[in-house]
1. So which helices (runs of 4 or more DSSP H) stay within the range 173-241 end to end and still have 1 or more residues that are among the basic types (Lys, Arg) and over 22 Å from HIS335 (Cα atoms)?
2. Residue check: is ARG259 surrounded by fewer than 19 Cβ atoms within 10 Å (Cβ to Cβ) and in the same structural domain as HIS118 (by the TED database)?
3. Of LEU376, LEU383, LEU355, which residue is farther than 17 Å from GLY297 by Cα and touching an Asp or Glu at 6+ places or on another chain (Cβ under 7 Å)?
4. Checking GLU174 against (1) at pLDDT 85 or above; (2) farther than 29 Å from GLY99 by Cα; (3) out of contact with any Asp or Glu (no Cβ under 8 Å at 6 or more places or on another chain), only one condition comes out false. Which one?
5. If I ask for residues that are within 28 Å of HIS335 (Cβ to Cβ) and without any contact (Cβ under 8 Å) to a residue 40 or more places away in the chain, which ones from the range 243-252 would you list?
6. Being open to solvent by 30 Å² or more (accessible area, probe 1.4 Å) and either touching a helix residue (DSSP H, G or I) at 6+ places or on another chain (Cβ under 8 Å) or under 15 Å from ALA188 (Cβ atoms) (or both) is the filter here, so list the residues in the range 32-45 that pass it.
7. Can you confirm whether the range 354-364 contains a residue that is over 18 Å from GLN270 (Cα atoms), part of a loop (DSSP other than H, G, I, E, B) and open to solvent by 20 Å² or more (accessible area, probe 1.4 Å)?
8. Residue pairs, Cβ under 6 Å, 6 or more apart or interchain, first in the range 224-240 and touching a residue at least 12 places away in the same chain (Cβ under 8 Å) and hydroxyl-bearing (Ser, Thr, Tyr), second surrounded by fewer than 20 Cβ atoms within 10 Å (Cβ to Cβ) and not in a helix (DSSP H, G or I). List them.
Amino acid sequence: EGEGGALTEEGCELLDALLAGVEPEFCVLVELVARSHQVLALPMMASAALWAGQLRGRPVAAPVALVLAACHEKLRAQLQAFVGAQLASLEGYAAKAAGGVKGLHVLVPTQQFGALAHSLEAVLAGSPDAQQLMAAQEAQGGMAPKAGARRKGGLSRSGSSAPKLGGLGEEGGEGGEGEEEAAERVGAAASWQCRLEADEMYQSLLGALLSLLDRLAATDAKHGERLRLENYAYLGDEVRPALRGCAALEPYLAQSEAREEEALAAYVQQQLEYGRLWRILEWSEKLDRLLEVVSPGEVGFQAGYSPADAAALIASTMKDAGHKLGVLYARVRKHLGTTPLALRVWERIQEQVLLRYERLEAQLAECYPSHAVCALSPPPEELADMFARAALPG
């Protein structure tokens, strides 16, 4: 060592000789990740960042720190290329599926995003270096500004088998500009934010996925809402638990949850209309609006609301109600299979029908008190039993 702990020229040569062959060994690991294990890029980057930070400012360790920084840059470039390829794949899937969505259910990209989220969070949780790095950064007050764009340079420098830094940390002198660049690269790696990188990747992919779902659904009025419902439900059931606590993703996950509820309401509406029960429910809703402007005693004198109209509607709509519910349940099962989502849809249909049906019973008693012909048949209790029997196996 020379004055101030900086390496002398002889010391640098000895270090170069000692570290010969280290760079290719690091490079092999980076290339393996690039080919088939992209999910490991983040924990490997965390290890490189952690060690680069610990070696930063120590002249004797400067060559190793620069190798780590170069590995970090290459891993990050590979991760960004992977995300870019996934985004391009989403666009390609949209073009391929534009012909119709009837046969589509939970899309392959939706499943892939779920698998990626689970795998990535698992490897981060299992990486002591990633956990140590994220805990230290959180203790320092959260996320610092993200490191800048990838700088020039890679693992090979000037034909040497290990980076030659001279006296990293020395001021002035020949080659000072190269030393400053090296110090900047090591500093960028050491200050890299692991959680921020993961969250930005999730944001990019999830935002594109939500856009894809809505665009595909918009191409098919008959099956689009069912497609949205299945995929948003999958995101809620499979992805949200894995990403709980990722604050940056909360707006996207909340948006997905809201769209799931919208799709559920629209799909239930479609099934009610198909099941031919909607006419009497819609009539009841219109009667509520009518009661806002006329008294119950005047309802029977309004067009479409005479006692005979009410009796005819009840008779035609509720005839063979048990059979209609069985057909409706079979249709939901055909669309959604024997899944928890199918059960949720059936429960929502039952809830909406029985709630409005009970309201209808009260409306009839209020507006047609002396007309027994307007009594509901079947009564609400019997209709509830029909719902239960329709969902029985076999």
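The values are calculated or read from the model by the stated rules, or taken from the named source; none is laboratory data. Computed from a predicted model, the values in this text were never measured in an experiment. Note that each Cβ is placed from the backbone with ideal geometry, even for glycine, and that neighbours are counted across all protein chains shown. Heavy atoms of the whole protein, side chains included, go into the accessibility calculation; ligands, DNA and RNA do not. Shrake-Rupley method; radii C 1.70, N 1.55, O 1.52, S 1.80 Å.
1. Values: elements: 176-190, 194-217, 224-234.
It comes to 176-190, 194-217.
2. On the way: surrounded by fewer than 19 Cβ atoms within 10 Å (Cβ to Cβ): no; in the same structural domain as HIS118 (by the TED database): yes.
When the stated conditions are applied, ARG259 does not pass them.
3. Details: LEU383 fails: touching an Asp or Glu at 6+ places or on another chain (Cβ under 7 Å); LEU355 fails: touching an Asp or Glu at 6+ places or on another chain (Cβ under 7 Å).
Result of the check over LEU376, LEU383, LEU355: LEU376.
4. Unmet condition: (1).
5. Keep residues of the range 243-252 that are within 28 Å of HIS335 (Cβ to Cβ), which gives 243, 252.
Scanning the range 243-252 gives no hits.
6. As a first pass, look at the range 32-45 and keep what is open to solvent by 30 Å² or more (accessible area, probe 1.4 Å): 32, 34-40, 44.
Result: ALA34, GLN38, VAL39, LEU40, MET44.
7. Scanning the range 354-364, I find no residue that is over 18 Å from GLN270 (Cα atoms), part of a loop (DSSP other than H, G, I, E, B) and open to solvent by 20 Å² or more (accessible area, probe 1.4 Å), so the answer is no.
8. From the range 224-240, the pairs are TYR234/VAL106.
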